[in-house]
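Coordinate-derived values only; no laboratory data. Here the structure is a predicted model, which means the values were calculated and not measured. Ideal geometry is used to build each Cβ from the backbone, glycine not excepted, and the neighbour counts take in all protein chains shown.
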Amino acid sequence: MNNNMHTEHNRVRPATDILENEDGFTIFMDMPGVDKQDLVIDLKNNELTISGKTAYDFSDNEKHLDLEFNNVEFARSFTLSDVVDGTGIRAGFENGVLKLDLPKREEVKPRRIEISSN
């Protein structure tokens, strides 16, 4: 086997679910094998970019008969609409799933108009 296999990262687009409710959007991204410290989330000019790398440590002393847990780099970008309040984005990461909460700006959230009596 080629030893370069250990350091190369294949680029993978992670499986993603996007949900919307009155308050905002929630994005779930499946990133198995990625450690929290290896995740990068950047927001620049309404472009949200998420990336993370797996770091499987393979020994050169082992004979690799079958290698399905190869190192990968997960990467995905989203262009955010003006509806999203970029300053309020929150991220959580648990069991290989990244959860991003993207709140809507207050002025675009639906609101109920009360009827006054004259």
_Integer Hz, Karplus 6.51/-1.76/1.60 couplings in order for the stretch 70-78, x for Gly and Pro_ = 6, 5, 10, 10, 7, 8, 7, 10, 9
*Any idea how far apart ASP17 and THR49 come out in nm if each label point goes 7 Å out from Cα toward Cβ?*
2.8 nm
_Zone of GLN37's modelled label, taken as backbone nitrogen in the stretch 55-70 under 13 Å from a point 7 Å along Cα→Cβ_ = 55
*Relative contact order for the stretch 28-85: what is it in percent, counting Cα pairs under 8 Å that are at least 6 residues apart?*
35 percent
*Provide the per-residue ³J(HN,Hα) series for the stretch 104-116, in order, calculated from phi with Karplus coefficients 6.51, -1.76, 1.60 and θ = phi - 60°, each as a whole number of Hz, with x at glycine and proline positions.*
7, 5, 3, 6, 9, 6, x, 9, 8, 9, 7, 9, 9
_Whole-number D in µm²/s for the stretch 6-85 (Stokes-Einstein; Kirkwood sum over Cα pairs; 25 °C, 0.890 mPa s)_ = 167 µm²/s
_Relative contact order of the chain, defined on C-alpha pairs under 8 angstrom at six or more residues apart (%)_ = 31 percent
